[in-house]
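Colleague: This is the structure I have questions about; it appears just below.
The values are calculated or read from the model by the stated rules, or taken from the named source; none is laboratory data. Everything quoted here is computed from the prediction, not taken from an experiment. When we count neighbours, we look across all protein chains shown, and the Cβ atoms used for this are built from the backbone with ideal geometry, even at glycine.
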């Protein structure tokens, strides 16, 4: 009992706050956070990211898709948890969600620099020009809309690999630009008009994420 | 106007700009100078930092060190507060003459600046700014200037200006606006209006070349002769008016510089830049909220729409339990639930989120997943201190329809109602775990004493054990004990005479020295909402480190208004400096440098105890443009009567930067250095530093002179700041977080 108390106190003195207070913040957290913003982040550790394989997927019972954050290379499986009027919300086990309308991301939650809302195109059509709106929260938590001018074009038939399986798909390229910001999304659409894989822009702080439909 | 001594390179660039041969616009970063103000090396420029930027600069060259806090108050107006230290100050005079200003080996001073940018840089016209340096106070580094800055090519800008005061001391061109009257310092703290832009004026100029995104080279011709520091006191050898520097932008938050100053000294500078409008990583990282669950249509699933559960206490209590479990991950505590027909009213407490709107939004989302389909109206009442302030009335069908709407935030606000909550709410089904509730923490703590004439700052670092026991809604027992593991607060600073005032605050050195461990506070507070717009508070106990007693307060805060009025009356006794339980004052805390105290003769105003009634009437007003003003009129701790004016710029995310002044019937003479109480306040929400949720705010108050006039009781949990975030205007400041 006494040892536990001493150990507990030691844990507290290493500049980390402790207690029953769910909102306790240590001085070290603040110092570390400021140092990171001043000096810059260390390059993300590459170790520990295991690539997804079919063997691992075989152990998963629920139908899933594979989400990859391009900037960090982090992968997670997502499963559909809700459908509100055609918008599907998919979630990782640690509560990060993306919401898709016809396969196009219209919202994310749990990343921090989240896409609050977006109007997306129907990318299974042949192409064209249209406007796209993205809503992010600024540093003062006010929603800010960015209006992008976009074109969608068919880049022809391509073979696309999704975890060891190669699919024949139509590669659709969506190019969007707004003052000071632009992005290019890719969609690989199979013959059944399903998006097998896509790489889509979220926000300047998060960058692109890739979603691959790993269901057979 | 420029004299031939100025380097030909600078002249060539100035004339190039004047002729408009290169029509460059501002594309380079506005940088800071060694005074921590926007400028070149020692000279100012006419640029401004982006609106809201807060910077802390530390710069050193030769014997001179400056530490400056600067704030871009509005897009055009900026201000600075600075600590200045000059080493070797008395080396030419002491010995033998060690009196007055010569008594200090290091001379310390504080100064305030204000700058206003009159015009933006145009295609042909330069940006023009006017500035006052050290405009209030002893005026030792006082100077005024008018300066223009123009880009000649996109990455090269040239500044030229005319300075007065110390900025007009090297090779002046005459006194265009008349003679400069001698400075009447007195006790300092006066506005030296008579001096501004008077006396000799001298030109200065400089050029800044932004080599690439990281590196900048600077060169300037300085109009500051450093008469006192160099010529009279010989603290350094000023050989040349030219300064050169190179600066490195490490990140948006850090800029470093190295300089060759006045042909003889090397200088260095570091600028830490904080942007209240931008969070690290772009947003607060929290787990995703519940997805909104839509209801089946009545025809498809009539069972789901059944209302047979209504009035069944077991079912209703079960719903409370399910909602409670679902919201536990979101940091929302469900206090109680109650059903009125198809309206569900939920009282919640936000435990972790910096944005109340997020707690409300997550509760609404969770309710769509828990409540039977027949429940159409959600009433969410965020509680603070056991008091309901507002109630947010939402239609469930709006939540279902707007979840992925492009204007979800604006539309849900337009379709919901934020009403004043009644003083008494019917209880409904309470969560037995909501009260009583104990929370505690053991965390590192630090106490800083800034600028006590001996050192720029002294610090004590240690641990603080704090606890909070919420007995029933509105009744809180809270306390904190601190123990310092490392401290140099025991070094005795100079203790100037108190001029007959009781040491209500200026004995802080004795509290720092003796209070280890210290019972920082231990008090019982009771909050009560008295009517839909009237709030009350009573606090009893050891209210703060220096005072204990009783504090009572009432606040009238009308809903949907921008103002509030409050009144506070306190009866307190001064605590012993050892900060245990006693109220007797020891003799030594009455010591000053010129007085030996005695209880028998009452020398130095010594008395064995001090009790005082203080109180204020306070008015609060939040302007449209993020500025907030507070006026307090009343009786202060030394028994003096007067008023305090506080002005703050408040960012929606909780950052607040402000300044205050207090003038009471204590005369400038009696007050001592600084003439009257004034200072700067800074409040930084921890969430916005860390990028993850926290309800905590780090607060700092910096006073150039800590004296005894115009001091208030520092009681925790004053009503206005406790409840204002829950009024409609407070809830909607971060309304974007409703959907996050």
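Colleague: So, residue B:625, is that one modelled with pLDDT under 95, buried (at least 19 other Cβ atoms within 10 Å of the Cβ) and not in a strand (DSSP E or B) or not?
Modeller: no
Colleague: Here's a follow-up. Answer yes or no as to whether residue A:87 is in contact with a strand residue (DSSP E or B) (Cβ under 8 Å, 6 or more places away or on another chain), surrounded by 15 or more Cβ atoms within 10 Å (Cβ to Cβ), over 25 Å from residue B:330 (Cβ atoms) and at pLDDT 95 or above.
Modeller: Criteria not met by residue A:87.
Colleague: Kindly indicate whether any position in segment B:294-306 is surrounded by 14 or more Cβ atoms within 10 Å (Cβ to Cβ), in contact with a strand residue (DSSP E or B) (Cβ under 9 Å, 6 or more places away or on another chain) and within 14 Å of another protein chain (Cβ to nearest Cβ).
Modeller: yes
Colleague: A further question on this structure: Tell me which of these residue B:290 doesn't satisfy, since it passes every other one: (1) without any contact (Cβ under 8 Å) to a residue 60 or more places away in the chain; (2) not assigned by TED's automatic domain parsing to the domain that holds residue B:72.
Modeller: (1)
Colleague: Among the residues of segment B:245-259, is there at least one that is closer than 15 Å to residue B:41 by Cβ, assigned by TED's automatic domain parsing to the domain that holds residue B:154 and in a loop (DSSP other than H, G, I, E, B)?
Modeller: No: zero hits.
Colleague: So, one more: Could you tell me whether segment B:671-678 includes any residue that is closer than 21 Å to residue B:614 by Cβ and either within 14 Å of another protein chain (Cβ to nearest Cβ) or touching a helix residue (DSSP H, G or I) at 6+ places or on another chain (Cβ under 8 Å) (or both)?
Modeller: yes
Colleague: Sticking with this structure for a sec: Taking segment A:122-159, which residues are crowded, with 19+ Cβ neighbours inside 10 Å and more than 14 Å from every other protein chain (Cβ to nearest Cβ)?
Modeller: Answer for segment A:122-159, where residues must be crowded, with 19+ Cβ neighbours inside 10 Å and more than 14 Å from every other protein chain (Cβ to nearest Cβ): A:123, A:150, A:152.
Colleague: Right, another one. Could you grab me the full set of residues in segment B:353-398 that are over 36 Å from the mean Cα position of the chain (by Cα) and facing chain A (nearest Cβ under 10 Å)?
Modeller: Within segment B:353-398, B:368, B:369 meet the criteria.
Colleague: In this structure, does residue B:470 turn out to be in contact (Cβ under 8 Å) with a residue 24 or more places away in the chain, within 14 Å of chain A (Cβ to nearest Cβ) and under 27 Å from residue B:719 (Cα atoms)?
Modeller: In short, yes.
Colleague: Taking segment B:731-740, which residues are more than 10 Å from chain A (Cβ to nearest Cβ) and over 17 Å from residue B:363 (Cβ atoms)?
Modeller: none
Colleague: Here is a follow-up. Restricting to segment A:61-83, what's the tally of residues that are part of a loop (DSSP other than H, G, I, E, B) and more than 13 Å from chain B (Cβ to nearest Cβ)?
Modeller: 6
Colleague: Condition (residue is within 14 Å of chain A (Cβ to nearest Cβ), over 30 Å from residue A:115 (Cα atoms) and surrounded by 21 or more Cβ atoms within 10 Å (Cβ to Cβ)) applied to segment B:279-292: is it met by at least one residue?
Modeller: Checked against the condition, which is being within 14 Å of chain A (Cβ to nearest Cβ), over 30 Å from residue A:115 (Cα atoms) and surrounded by 21 or more Cβ atoms within 10 Å (Cβ to Cβ), segment B:279-292 yields no hits at all.
Colleague: Identify the residue in segment A:197-208 that is away from chain B (no Cβ under 14 Å) and surrounded by 22 or more Cβ atoms within 10 Å (Cβ to Cβ) and, among all such residues, is nearest to residue A:150 (Cα to Cα).
Modeller: Once the filter is applied, the top-ranked residue is A:200.
Colleague: All but one of (1) surrounded by fewer than 19 Cβ atoms within 10 Å (Cβ to Cβ); (2) in a helix (DSSP H, G or I) hold for residue B:540; state the number of the condition that does not hold.
Modeller: The single condition residue B:540 does not satisfy is (2).
Colleague: Residues of segment B:660-681 being within 28 Å of residue B:623 (Cβ to Cβ) and in contact (Cβ under 8 Å) with a residue 60 or more places away in the chain, which ones?
Modeller: B:676, B:678, B:680
Colleague: Pick out the one residue from B:284, B:268, B:337, B:273 that is in contact (Cβ under 8 Å) with a residue 24 or more places away in the chain and over 31 Å from the mean Cα position of the chain (by Cα).
Modeller: After ruling out the rest, the residue left standing is B:337.
Colleague: Of the residues that sit in segment A:84-104 and are in a strand (DSSP E or B) and within 8 Å of chain B (Cβ to nearest Cβ), which one is nearest to the chain's Cα centre (by Cα)?
Modeller: A:97
Colleague: Quick one: residue B:692 ticks every box in (1) under 23 Å from residue B:279 (Cα atoms); (2) away from every other protein chain (no Cβ under 14 Å) bar one, so which box is it?
Modeller: Residue B:692 satisfies every listed condition except (2).
Colleague: Kindly check whether there is at least one residue in segment A:133-149 that is in contact (Cβ under 8 Å) with a residue 12 or more places away in the chain and within 26 Å of residue A:190 (Cβ to Cβ).
Modeller: No, every residue in segment A:133-149 fails to be in contact (Cβ under 8 Å) with a residue 12 or more places away in the chain and within 26 Å of residue A:190 (Cβ to Cβ).
Colleague: Same structure again: Could you check how many residues of segment B:640-670 are in a loop (DSSP other than H, G, I, E, B) and within 14 Å of chain A (Cβ to nearest Cβ)?
Modeller: 5
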